[in-house]
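Have a look at the structure below, then the notes.
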Amino acid sequence: MVETRVQRVLGGLLATAFALPLLVLVVRAFADRWRAPALLPQDWGMRGIELAFSGQAAEAFWTSLLVAVVTTAVALVLGWPAARVLGERRLKRPAIAFLLLAMPLLVPPYATGAGLTEWFLRLGLVDTVSGIVLAHLVGVLPYVVVVLLSAFGPEVTALEEMGRASGLAPLQRWRWVTLPAVAPTLAAAAFLGFLVSWSQYGSSLAVGGGRPMLPVVMLPFVRSDPQVAAALALLFLAPAIAALALTARAARSPL
Amino acid sequence: MSPLALEIDAITVSPGGAPVLRGLSLHVAAGTRTALVGPSGAGKTTLLRAVAGLAPLDDGDVRLGERSLRNVPPHRRGVAVVFQEPRLLAHLSVEENVALPLRAAGVGGSERRSRARERLDEVGLGGFSARRSQGLSGGEQQRVALARALCADPDLLLLDEPLAALDPNRREDLRRLIVRLQRERGLTTLVVTHDRAEAAELGERVALVLEGRIVQHGPPKELFERPVSAAVARFFGVANLLRGEVRDGLLEVRGTAVAVPGPDGDATLAIRPEHARVDDDAALRAVVRESVYAGTHVKLVVDCHDLRLELHVPPAGAPAAGREIGVDLPRERLWRLPEDDEIAVSAAAAAPSRGAGRPSA
């Protein structure tokens, strides 16, 4: 079983390559004093964590979480019909729809954000949670639609027809046939949507005004206080990992 | 509950924009089985979909008993469909799949389970309740689909090529099962197939669809032996068509007078390959071009001058290719097609512009 051993070693190396930077991050977050030549910190402590979980940073965490959850939910509701139409190839010229859909991804987010700010100022949406959600949707919706459209097609349509012919009313059909059939892809789309919103920097900064969002709050600390930045980075990672775990579960046992 | 008749009344259906069914009418008597047969693309599946409410009607009506289904959504029609593919839900167990129509009707858990199990027993899948559909064979999956359709307790059962995906032995089993369950329940049933022999076995009556219309509907034997047109004859395997003018009860076939039924005048006569006989004393002479062993019979292709005929003869003593033989066309086996044969479309068909003329290979 030479092959498996080689595979195992390679796999281990690969995992280490991914895990090491994270490990450094963890050490950094708990290092109260870590002077240059030393391999390990001189003083360990909770200063970084305490700062990260207090005041503005904590508020930023909850705002970011709220925005990411709401944005994802709205994107799924809005993206579903669009994904369905595209996935079932009902458009004569899907290329145009795809181009329009991808436009916000091709333009730098800060540029989109700056343009939105101007309009949001006029509409009184700047510095509101709904404003930030709207701005995030610009970036999140294309991802959600592109992922979700692969769930729709002849197989789902065939199952839905079976549902209609088996006496299922529209809502029953959606709940018992359509939703379970697309659940794994839906979960993947939700996961991606959440991550895109969670890590939005440009549009949050542009539209959010003074409202703290986690990526916005984190960045200045990278220069001024790496320990707090590291602690915030760990905080930043937590919901992403939780979302990944939830997605993996939803994909395995569809509802 | 007494069974209901299905009345399809001059429906026009255009699933992709162009009409596939053109003023098609069909009656299936209460509690009987009709097999719908026709070549690929004739509109058989479209007809089933229109009856089930999955394809909208441009014109005409579908009635079940006294009730018009025209504006009734599929899930309220009392119609169950077994599709060509089983269409089972992968996230549910076999039993839950079968119980789906009951769940839709709000039948409670324990009754639902026991009724689903009864249906599974009936289709010979007694121990399969807890299994998932993925592990089942094609035939088993199709039985689950049949059990699900029966579970709905429908007024009308529609089956779309239910045997198409199965190997010959399983096909025979499922065919018997379908016929038995239909008889036991007296279920009004319409079953689609592209295979004429299967149609004869599955239907008490057979309806042939050509180019979006029913061209003939009757007992299987009638379609095989008494086709109303050359197109019907060709679909049911009658390649032997004799055309000409009948005088004094005789038709001249390539220089030989053959006794035929019916009055004098222009006529087209058909005879099935298995009804034509090799008889060395017969006046009609022909040369065997092909002699192909087909298991139950030998298929002969023979030429009388430029007229090509097909004969099915017993394997024992069948002539080899190249031999000259006599061909006997028994008068009582010759069937005279209704006169305007190429456009002979059954009763209600509206404009016979394109008729049933296209032969099916």
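The values are calculated or read from the model by the stated rules, or taken from the named source; none is laboratory data. Keep in mind that this is a model prediction, so the values were computed, not measured. Positions of Cβ are backbone-derived with ideal geometry, glycine not excepted, and every protein chain shown enters the neighbour counts. Accessible surface is based on the protein model in full, side chains and every heavy atom, while ligands, DNA and RNA are left aside. Shrake-Rupley method; radii C 1.70, N 1.55, O 1.52, S 1.80 Å.
What number of residues within the stretch A:174-188 are more than 11 Å from chain B (Cβ to nearest Cβ) and in contact with a helix residue (DSSP H, G or I) (Cβ under 8 Å, 6 or more places away or on another chain)?
Of all residues in the stretch A:174-188, those more than 11 Å from chain B (Cβ to nearest Cβ) come to A:174, A:182, A:185-188.
With the extra rule that they be in contact with a helix residue (DSSP H, G or I) (Cβ under 8 Å, 6 or more places away or on another chain), the set shrinks to A:182, A:185-188.
Counting residues in the stretch A:174-188 that are more than 11 Å from chain B (Cβ to nearest Cβ) and in contact with a helix residue (DSSP H, G or I) (Cβ under 8 Å, 6 or more places away or on another chain) gives 5.
Cβ-Cβ contacts under 7 Å between residues 6 or more apart (or on different chains), taken from a first residue in the stretch B:1-23 that is under 13 Å from residue B:51 (Cα atoms) to a second residue that is among the aliphatic types (A, V, I, L, M) and open to solvent by 60 Å² or more (accessible area, probe 1.4 Å), are listed as B:10/B:348.
Evaluated against (1) more than 14 Å from chain B (Cβ to nearest Cβ); (2) touching a residue at least 12 places away in the same chain (Cβ under 8 Å); (3) in a helix (DSSP H, G or I), residue A:220 falls short on exactly one condition, (2).
Residues that are in contact with a Gly (Cβ under 8 Å, 6 or more places away or on another chain) and either at pLDDT 85 or above or open to solvent by less than 50 Å² (accessible area, probe 1.4 Å) (or both) within the stretch A:114-129 comprise A:120, A:125, A:126, listed in sequence order.
Just to be sure, is residue B:152 under 18 Å from residue B:187 (Cβ atoms), at pLDDT below 95 and small (Gly, Ala, Ser)?
Details: under 18 Å from residue B:187 (Cβ atoms): yes; at pLDDT below 95: yes; small (Gly, Ala, Ser): yes.
Taking the combined requirement at face value, the residue satisfies it.
The residues of the stretch A:198-218 that are open to solvent by less than 10 Å² (accessible area, probe 1.4 Å) and either outside the structural domain of residue A:131 (by TED's automatic domain parsing) or of a type in the set (A, V, I, L, M) (or both), listed by number, are A:207, A:213, A:214. Number of residues in the stretch B:222-239 that are of a type outside the set (A, V, I, L, M) and out of contact with any helix residue (DSSP H, G or I) (no Cβ under 8 Å at 6 or more places or on another chain): the value is 4. Taking (1) open to solvent by less than 50 Å² (accessible area, probe 1.4 Å); (2) on the phi > 0 side of the Ramachandran plot in turn, residue A:76 satisfies each apart from (2). Within the stretch B:33-62, the set of residues being more than 14 Å from chain A (Cβ to nearest Cβ), in contact (Cβ under 8 Å) with a residue 40 or more places away in the chain, open to solvent by 60 Å² or more (accessible area, probe 1.4 Å) and not charged (D, E, K, R) comprises just one member, B:40.
Anything in the stretch B:63-96 that is away from chain A (no Cβ under 12 Å) and charged (D, E, K, R)? List them, or say none. Steps first, please.
Quick first cut of the stretch B:63-96, residues away from chain A (no Cβ under 12 Å) only: B:63-71, B:93-95.
Across the stretch B:63-96, the qualifying residues are B:63, B:66, B:67, B:70, B:95.
If I ask for residues that are more than 14 Å from residue A:226 (Cα to Cα), surrounded by 10 or more Cβ atoms within 10 Å (Cβ to Cβ) and of a type outside the set (D, E, K, R), which ones from the stretch A:23-43 would you list? Before you say what the answer is, go through the steps one by one.
Applying the first criterion (more than 14 Å from residue A:226 (Cα to Cα)) to the stretch A:23-43 yields A:23, A:37-40, A:42-43.
Filter again for surrounded by 10 or more Cβ atoms within 10 Å (Cβ to Cβ), leaving A:23, A:38, A:42-43.
Result: A:23, A:38, A:42.
The criterion of at least 2 residues that are under 30 Å from residue B:100 (Cα atoms), more than 14 Å from chain B (Cβ to nearest Cβ) and not aromatic (Phe, Trp, Tyr) is met by the following helices (runs of 4 or more DSSP H) wholly inside the stretch A:106-172: A:129-148.
So that you can scan it fast, the table gives a plain yes or no per residue for (1) buried (at least 20 other Cβ atoms within 10 Å of the Cβ); (2) in contact with a Cys (Cβ under 9 Å, 6 or more places away or on another chain):
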| residue | (1), (2) |
| --- | --- |
| B:64 | yes, no |
| B:70 | no, no |
| B:76 | no, no |
| B:95 | yes, no |
| B:99 | yes, yes |
| B:103 | yes, no |
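Out of B:156, B:202, B:177, I need the residue that is open to solvent by less than 50 Å² (accessible area, probe 1.4 Å), under 18 Å from the mean Cα position of the chain (by Cα) and within 19 Å of residue B:101 (Cα to Cα). Which one?
On the way: B:202 fails: within 19 Å of residue B:101 (Cα to Cα); B:177 fails: within 19 Å of residue B:101 (Cα to Cα).
Going through B:156, B:202, B:177 in turn, just one is open to solvent by less than 50 Å² (accessible area, probe 1.4 Å), under 18 Å from the mean Cα position of the chain (by Cα) and within 19 Å of residue B:101 (Cα to Cα): B:156.
When the stretch B:247-288 is limited to residues that are in a loop (DSSP other than H, G, I, E, B) and among the basic types (Lys, Arg), the one that is most open to solvent (accessible area, probe 1.4 Å) turns out to be B:254.
So, residue B:164, is that one open to solvent by 50 Å² or more (accessible area, probe 1.4 Å) and either on the phi > 0 side of the Ramachandran plot or in contact (Cβ under 8 Å) with a residue 60 or more places away in the chain (or both) or not?
Details: open to solvent by 50 Å² or more (accessible area, probe 1.4 Å): no; either on the phi > 0 side of the Ramachandran plot or in contact (Cβ under 8 Å) with a residue 60 or more places away in the chain (or both): yes.
In short, no.
This table checks each residue for (1) modelled with pLDDT under 85; (2) crowded, with 19+ Cβ neighbours inside 10 Å; (3) not in a loop (DSSP other than H, G, I, E, B).
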position: B:290; (1), (2), (3): no, no, yes
position: B:316; (1), (2), (3): no, no, no
position: B:320; (1), (2), (3): no, no, no
position: B:345; (1), (2), (3): yes, yes, no
position: B:350; (1), (2), (3): yes, no, no
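Each residue in the stretch B:11-37 was checked for being over 11 Å from residue B:58 (Cβ atoms) and part of a strand (DSSP E or B), and 10 pass.
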